[in-house]
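Following: one structure in structure tokens, then a few remarks.
The values are calculated or read from the model by the stated rules, or taken from the named source; none is laboratory data. Treat the numbers as computed from the prediction; the structure is a model and nothing was measured. Here the Cβ positions follow ideal geometry from the backbone for every residue, glycine too, while neighbour counts run over all protein chains shown.
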């Protein structure tokens with residue numbers, strides 16, 4: 001199994017500016033689910049950014065993050081953390097490291 005990575009998005013612009021790019025960002029999200037790169041995603045509450053759980057190698061996921069319209073338009077900053085899940089709920093066992 002490829003590594004799992006947490007992409008932590010933090011908005012650095014007003015929500016009105018973020019909202020101008022939400023459609024393009026959601027197209028980016030959809031394309032990466034279809035390509036098998038993304039596992040889970042959603043916005044933070046309160047709405048200060050979002051979180052994406054991705055799978056792949058770190059360099060590949062970093063390149064994907066750079067292509068996100070939010071990043072390209074400077075409305076979000078990203079932190080990427082690689083992790084190896086060793087314990088999961090039964091329904092997520094396919095994501096366990098070494099599975």
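What residue, of 71, 30, is within 22 Å of residue 94 (Cβ to Cβ), over 10 Å from the mean Cα position of the chain (by Cα), part of a helix (DSSP H, G or I) and at pLDDT 95 or above?
On the way: 71 fails: within 22 Å of residue 94 (Cβ to Cβ).
Among 71, 30, only 30 is within 22 Å of residue 94 (Cβ to Cβ), over 10 Å from the mean Cα position of the chain (by Cα), part of a helix (DSSP H, G or I) and at pLDDT 95 or above.
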Kindly list the number of the only condition in (1) closer than 21 Å to residue 85 by Cα; (2) touching a helix residue (DSSP H, G or I) at 6+ places or on another chain (Cβ under 7 Å); (3) loosely packed, with under 14 Cβ neighbours inside 10 Å that fails for residue 47.
(1)
Just the residues that are surrounded by 13 or more Cβ atoms within 10 Å (Cβ to Cβ) and in contact (Cβ under 8 Å) with a residue 12 or more places away in the chain, please, taken from the range 69-81.
69, 70, 73, 75, 76, 77, 78, 80
How about the range 74-99: which of its residues are assigned to a helix (DSSP H, G or I) and in contact with a strand residue (DSSP E or B) (Cβ under 8 Å, 6 or more places away or on another chain)?
95
